[in-house]
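Okay, structure first, notes after.
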Amino acid sequence: MSLELGQVCNYVSGAISRKLDAYARGLAQPMHDMISHTRNVGPHLTDRDQQFALPMREPLTGGAAGAWTPFSRIAERTWIWGPEDVVKRWPGALAVRPKNGVAEGHLIVVSDGPRGASVAQRVAYAAELAKDMESCNVIVTRRGLGADFGPVSVVPRKFGDKQILAWTKQHEGQPFKPLKIFPCGFCKVIAGSPLTTLLRKWSDGIALEPLDPVRPGGHRLVIPNGYVPGADGEDIHVQDVSVDPATSGAMMAHVVELTRDTPNVDIITSRGEPATQTAGHLHIHAVTRDENDGLEMMLDRAPLHVLEWLMDHLALR
């Protein structure tokens, strides 16, 4: 299939999916209104305290647990999980196998309890999971001004897996250019080289504009200063999200600060060439999203996913 034909097919299937999803939400809304007052409080999966959910089996969207918002073309997937899907626990968070994972080994890190781990801490936990994967993407989204970040996805990657990250030139598991670690261009920027526009500076990292942004003015990078102390006394270069989870969490905290006034934002970082990493220095992308902006990624709905969503939703309620 040619690239052009594939894009047309994706567009048509996406349009059908959006229409079906809007229809399904319309059918389910009256039931939601009727029984919402009888729900029991279960473990919360995002930073938002006031969300509700059923015990042990949780509906989770890309923005917030149990959220009922107008349908959006922006990535939003419903996760359904039970205790048998929990693979790891940390203070305030869980690693869970999503029902509708986009790849074998796909895990999500969610808050455990109404005051569970912050999104920055959950990214640090996701970094621990990334250490066990040869290549992966770590992804988290926020939908709506004042909303909280949703689950942190850790998606294993391999060449040819056809997963889409539309804001990179290297996507769908196909190499664009080889991963380069040394000499490190980001370290040059940290040292003061005027290669790009510096947006903000912290004691442990900086925010900057990428050289070739997918959305001018709406695409930012947050990177650490470059090195962390190693166990043997030698400094270790922070090559990707897995090298030092504490650093990854700290950079995510900076992303939260940087995007505080951004209603819809996708956050992503990569480990390894199959995951589209070309610069061997941890860098977290923050991409502003708008309705029908044409950007799609691996967590967007599959065409028939809405049918699964409706069946699961009605069964749980």
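The values are calculated or read from the model by the stated rules, or taken from the named source; none is laboratory data. As the structure is a prediction and not an experimental result, all values here were calculated from the model. Because the Cβ atoms are built from the backbone with ideal geometry, glycine has one as well, and the counts that use them run over all protein chains shown. Calculation scope for accessible area: heavy atoms of the full protein, side chains included, ligands and nucleic acids excluded. Shrake-Rupley method; radii C 1.70, N 1.55, O 1.52, S 1.80 Å.
In this simple spin-label model, placing a label point 7 Å from the Cα along the Cα-to-Cβ direction at both SER203 and ALA191 gives a separation of 2.5 nm. The local environment of VAL228, defined by Cβ-Cβ distances under 10 Å, has a net charge of -3 under the rule Lys, Arg +1 and Asp, Glu -1.
A straight chain from ASN100 to ASP293 at 0.36 nm per residue would run longer than the Cα-Cα distance by 67.1 nm.
If you sort PHE186, PHE149, PHE159 by accessible surface, 1.4 Å probe, largest first, the order is PHE159, PHE186, PHE149. 3J(HN,Hα) along the range 89-94: 10, 10, x, x, 7, 10 Hz, from the Karplus curve 6.51 cos²θ - 1.76 cosθ + 1.60 with θ = phi - 60°, whole Hz, x for Gly and Pro.
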